[in-house]
1. Can you compute the radius of gyration and Dmax for the stretch 964-1100, using only the Cα atoms, both in Å?
2. Mind giving me the FRET efficiency for residue 409 and residue 19? R0 is 30 Å, r the Cβ-Cβ distance, nearest 0.05 is fine.
3. Residue by residue through the stretch 358-371, what is 3J(HN,Hα) from phi via Karplus (6.51 cos²θ - 1.76 cosθ + 1.60, θ = phi - 60°)? Round to whole Hz and write x for glycine and proline.
4. If you bin the C-alpha pair distances of the stretch 972-1016 every 10 Å from 0, what whole percents do you get?
5. Arranged from highest to lowest average of other beta-carbon atoms within 10 Å per residue, in what order do the peptides 994-1004, 916-926, 519-529 appear?
6. If you consider only alpha-carbon coordinates, what radius of gyration and Dmax does the stretch 476-563 have, in Å?
7. Tell me the label-point distance for the pair residue 867, residue 1144, using the 7 Å Cα-to-Cβ offset, in nm and rounded to one decimal.
8. How do the peptides 1109-1117, 980-988 rank, highest first, by the average count of neighbouring beta carbon atoms within 10 Å per residue?
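Values in this text are rule-based calculations from the coordinates and carry no lab data. From a predicted model like this one, the values you see are computed outputs, not experimental measurements. So basically every Cβ, Gly included, is an ideal-geometry build from the backbone, and we count neighbours across all protein chains shown.
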Amino acid sequence: GMVMSMYTLLRNNPQPTMEDVTEGLAGNLCRCTGYRPIVDGYRTFCESENCCQLNGSTCNMSNGNENGSVEPIENGQPELFSKGDLLPLDPTQDLIFPPELMRLAEVKDQTTQRFCGERMTWISPGSLNELLQLKADYPQAPLVMGNTNIGLDMKFKGIFHPVIISPTQVAELISEWFVFVGVCVGAGCSMSFLKSVLERSINDFPPESTHMFRALLQQIKLVGGQQIRNVAVSTLGGNIASAYPNSDLTPILAAGRCTLVALSKGDQTSYIIYNILISVKLCLIFHMLTFCINYEYSYNEIVHAFRHAPRKESALATVNAGMRVWFNENSNVVKEISIYYGGVGATILSADRACQQIVGRPWEEATLSDVYSTLVDEIKLGPSAPGGKVDFRRSLTLSLFFKFNLLCVLCVQNVLEGQSAQDPVGRPMMHRTALSQATGEAVYCDDLPQTDGELFLMIVTSSRPHAKITHIDFSEALKLPGVVDVITAKDIPGKRFRTFTGYDEELLAEDEVTCVGQMVCAVVADSKAHAKRGAAAVKISYEDLQDRIFTVEEAIEKESFFLPRRQIERGDVEKGLREAEQVYEGEIRIGGQEHFYLETQSFLVIPIGEEKEMKVYLSTQHPAFTQEAVAETLGIPSNRVSCHVKRLGGAFGGKVTKTAILASITAVAASKTGRPVRCVLERGEDMLITGGRHPVWGIYKVGFMKDGRITAADFQYYANAGNVVDESVLVAEKILLHLDNAYNIPNLRGRSAACKTNLPSNTAFRGFGVPQCMLVVESMIDDVALKLGRLPEEVSIREINMYKEVSLTHYKMEFDPENLVRCWNECMKKADFRQRRQAIDIFNQQNQFKKRGITIVPIKYGIGFAEAFLNQAAALVHIYKDGSVLVSHGGTEMGQGIHTKVQQVASRELNIPTSLIHISETSTQCVPNTCPSAASFGTDANGMAVKDACQILYNRLEPIRKKNPKGTWQNWIITAFLEKISLSATGYYRGHDLDMDWEKQEGKPYAYFTYAVGCSEVELDCLTGEYRTLRTDIVVDIGRSINPSIDIGQIEGAFMQGLGLYTMEELKFSPSGVLYTRGPSQYKIPSFCDVPLKFNVYLLAGSSNPHAIYSSKGIGEPTVFLGSSVFFAIKDAVTAARKDAGLTGPFQLNSPATPERACLACATHFTQMVYESYTQPWALNI
C-alpha cells in the first residue's frame, strides 16, 4: 500500500514536498517500524536533497569507533544503501496510461454492462434513464459506486443482494456545475473530486462566501486516506444514503443547509439535507442525483466542523459536529444558528433547543452558560448505547461547542574507527529483503501459488461464552456447491489436544465451549467463498451454562485461577511499611492489546502422498513446535512432517501456540481429503480466535519517607488469561521477575495470578507481561510523587530509589547498573529535561484548556529464557563450488532483521562479502529441534550457532589458505573440493544455563539486562482529551550493535507499539463476551500522525556485553515499555488541568489513556456536568 501510494504521488507530482509525501502515506498502517524508516526512504524523492527529516526526528548512533561504527557520510549520517545501485526516478520511463482506457473515457454513449455470477447479477447502466428504469424494475437493488457499505454488509452481516446496480457510467452522477446559490456536484463524485471542486471554489470566490466550502473541505481531508478518496469508494451520495450517525460529512452538510435532488421514475424532488437526516434513513428510497453546497456572501457567518476520533486519521469519529452561526451586521447578536452532532444517537442530532436559547441574544458568557445546561438535558445517551463511552461522548458535545465559541470570539474580535572495510558487523546495513518487500516480490505464505486440487479451510467458532454442545449439524453445508468436507474433533487420528504448562487445550471443541470464538469445526471447500458459505451453514446447538466469568473481579470471587500462583519477596515488607513515614494504596488497570500483525495466520499443508509425509508452509515463530503438534495430531513421527517458513508479516509473540493448533487442524483436513489445504484467517477471525496481550489489574501498597525514599512496596497482579492457559502462567511469572524495574526497594513483595475466564485465551505478546508490570510500578512512583507534591523525575523520587551500584535483584541475581545510570543521565541531558520542565510550567500557567506534560522513565529488561533449554540454537552452513554460501538456522525472519544480522555474522567469520551469502528459509528439514524466535534472544542464540559453523568451515580451509595466501575465496573453495574437504558444517550454541527456583525465590533467569530511558512531552486538549506527542528522546544501551540501523528501527517500532498500548488501543467485549473490536475500523493502532513531532534515538556509547555475540544486546522487546513515557506525560498534563480545577494529589488514570479517559480525568466543569454512573455498560471493563 505504501509503495502504491508513493507511486501514485510521483506519477502526479514527480517532485513532491515532504508534506505531499506524508499526506500520500496517510491511511497506511505498519506494525513493525516506527514509520520513520519509511519516510526517510521516500524523502529521496523530495525536491531538496537537504530536506529535513519528518517532524525534525533524528537517529543518533553514537557507538563510537570502538563499537565498529561506519564512516559517516555527508551531514554525519551513515549510509544504509548506495543510491548508485538503484535507478533514479525517471518519469519518462513510466508505463503510459493504457490508451484503451483513455478512449473508453472519451466515449460519450456508454452501453449497459451486465455481469452474472453464481448467485448475483451486477448491472452497470449507461445512462440516467436506464438507471431510473433499473431502479423501478429492481426497487430493492442497492446502488453501488465503490462498495464501501454494501460490501461490508455482505461480508460481515451476511446480507445478500441478487441484483446490484452500479451507476459508475452515468455522467450526471459524476459532474459539477455552478449555480447562483452554490456549487452542485453529482452524488457519485468521489471525495477527491469533491475536494478538488471545493479547493477551486475557495480560490474562485471571495473569502466571505466560502465559509461552508472551507468547513466541508476540512472534514473531507479526514474521510479515509488519500487512496480511498481517490476512487468512488467514498462518495458524497454514499455518505448521505448510509446515514451513519457518525458520518463526518452529514453534520456539516446539515448545518450548511445543503440540498439534494432525488429522482425516481417520473419524479424529481429537492430536499434540505437536515430534514431527512435527523429522522430516519428515508433517503435510501431515493435515487440521489445531485447536491447543492450553498454559500452566503457574509462577513458575519462562521461555519466550522469538529471531529473527535480514536486516531487522527482513518478512524470513525467518536463524536463530530457541524456548527454555523450568522450574526447581525456589525453586531455579536445571533441572527441564525445551526448545531448538529453525530455519534450521539441513531441519526445525527439537531440541538434545536440550544439554538433557540441563542437566537436573538448576544454571543457572550451568560448566553453560552444557558446553552451548556440545555445541551446536557437535550443530548441523552442510554447506559448501553452502542459504542459505549457515554459520559465522554456527552462531555464532547459541550467541549466541541466551547471550541466553536472560542473560534467565534476570535472571529468577531478579528483576532486572528580499525575494522576492515569488508566486515559488516557494527555497521548500519539495510534489511536484506527491504527492496523485494518494497516492490512486492517478497513471498509470504499466502503468496505461494495455488497447487492442483487445492482446497480452502474455514474455521467455525463458538457463538456462546460457556455452553455444552448438544449437536453439530453440517448436513446443509455439505449440500452447498464446492463444499468437500467438514472436519470435527472425531476426524483427528492422533492427539486431540495440546498441553501447555500442565493444562490441555482441545484442538476442536467436542463437548463444551468456554468462550465466544473457540474453534469447533472446519469446513473444507474448493474456494474461499464456498468454504465461507459452508461455514455459515453449519448449525451448532448449545445448552448454556450459567457460571460465566469475564472479569478478574469475577475470577477472584469464584477463585478461578490457573495454577501455580506465584509469589516473591525480599526483606520484611510489613516492617518496612510500619517504619515508613507515609503509606499509600493505589491501583491501575492496563487493557489488552491485539497483535495486529499485518499478515494474519496463514497455512498451506500439502500431503506428499507417500508414507504419510506432510509439507507445511506457514507463518510461525516456532516451526519445530508446529512440526511436533502436526505429527502428534496425525499420529505420525515428526520426521514425516517438514515445516517451512520463508518470512512472517509480523508476529510479536502471537504466532506460536494458536498457530500450532490451526496448522494441526489444517493438516487433519489435508490428511483426510488427500489434497492440499490452505487456511488464511481473515482479520476479524484472527482477532477473535488468537487472543492478545493480557489485561492486568495491578494493586499496590507503598511505604515511603518524606524525602521520597521508598521503604517497602507490596504488589498484587491479576492477569485475565482467558479460557485456556496458553502461556499465561509464564507471563505471570515474568511479571514478578521485573517487579523492581530500575528501583532498589529494600522490602519488596509481589504476587501474581492468571485468572481463568470465559474470554478468548490471551497469549505471548512482545514484552511478555513486562509492559503491564512496569506500568504498575511506575504508577506507584508517580503516586508517591503526587502524594508528596513533587515531580517523580526529581532527585528525591525516581533517582533516589534507582539502582546505582553493583546490586542483587529481588531474586538474588547480581548485576551492575552502571549503564542504567548512564542512560538516565544522558537522556536527561539530551532531552534538556529540566529547562523544558520549567517552560512547561509557564505554558500551563498561561493556558487554561491546553496543558503540556513531560515524563522520563527508565527500564531494566532481562534477556533470555528462564527455561534453560530454550536458549540453545543450531545452524547449517553450506559452501558451494562457486563460492556462494547458503546459511540455515533456527530463527525466523519476522521483519526484525535476524537474517540480515546472521548474514553479517557469516560475512565476518568467513571473511567474505555479504553478497555471497544467502538465507532461503527456516526449515525443520535443515535445522531440527529449533527454539522459538522470541524473548529478544533470536540473534544471540542463532548468531552464535552460525558463528560456530562458519568458524569450523574457516578452520578447515586454513591449509588451503596457507598454500595459496594470495588466492581468492573462489580459488580456495574449488581447491578444497578437489582435495575432498567438506564444505558443509553444522554449528551449535548451548546457551546460558539459566533457571529460577520459585520455592527458594531465587535464581538467574536472565543472561543480562538491556537498559533504556525514554522522555516524552505531550500537549493535551483538556476539552476533548486529544493529545499530540511533541517530542520523544530515547537512550538505549544495546552493547555494541551488530546493525545500528536495524536496531534503531526495532527501538522505534517497539516504542510506537507501546504508545498504542498505553494511549490508544482498546479491546472491547460485549456483556456476553463477544469481541466488538474485530478489525481496523473498530481497533486503532498508531499511524503516521501519531509519531512524535520530534523523535530522537541515541545508542549509548562505550558499552559492551560479554554475554552475547560480538558484545551486542537483545533489543526487540525492552523499548515497548518506553511508550509509557507518553502515558505519564499525558497524566502530567492532566495533573496540571486538575490543579486548575482545585484537585490535587494522586488519582487513577487507567491504560490506555484514551482521549475519553484523559478528558474525564481533567475534570473540567463540562465533564462534571454530565457525569453519571451506569450499571449496565455497553462494553465490559476487561
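1. Rg then Dmax for the stretch 964-1100, in Å: 25.1, 79.
2. Working: r = 30 Å, r/R0 = 1.00.
With a Förster radius of 30 Å, E is 0.50.
3. Calculated HN-Hα couplings, in order: 9, 4, x, 10, x, 7, 8, 4, 4, 4, 5, 4, 5, 5 Hz.
4. Result returned by the calculation: 17, 20, 18, 16, 17, 11, 1.
5. Values: 994-1004: 15.2, 916-926: 19.7, 519-529: 21.4.
So the peptides 994-1004, 916-926, 519-529, ranked by packing, come out 519-529, 916-926, 994-1004.
6. My reading of the Cα-based Rg and Dmax gives 16.6, 50 Å.
7. 5.2
8. Numbers: 1109-1117: 25.3, 980-988: 14.8.
Packing order, densest peptide first, comes out as 1109-1117, 980-988.
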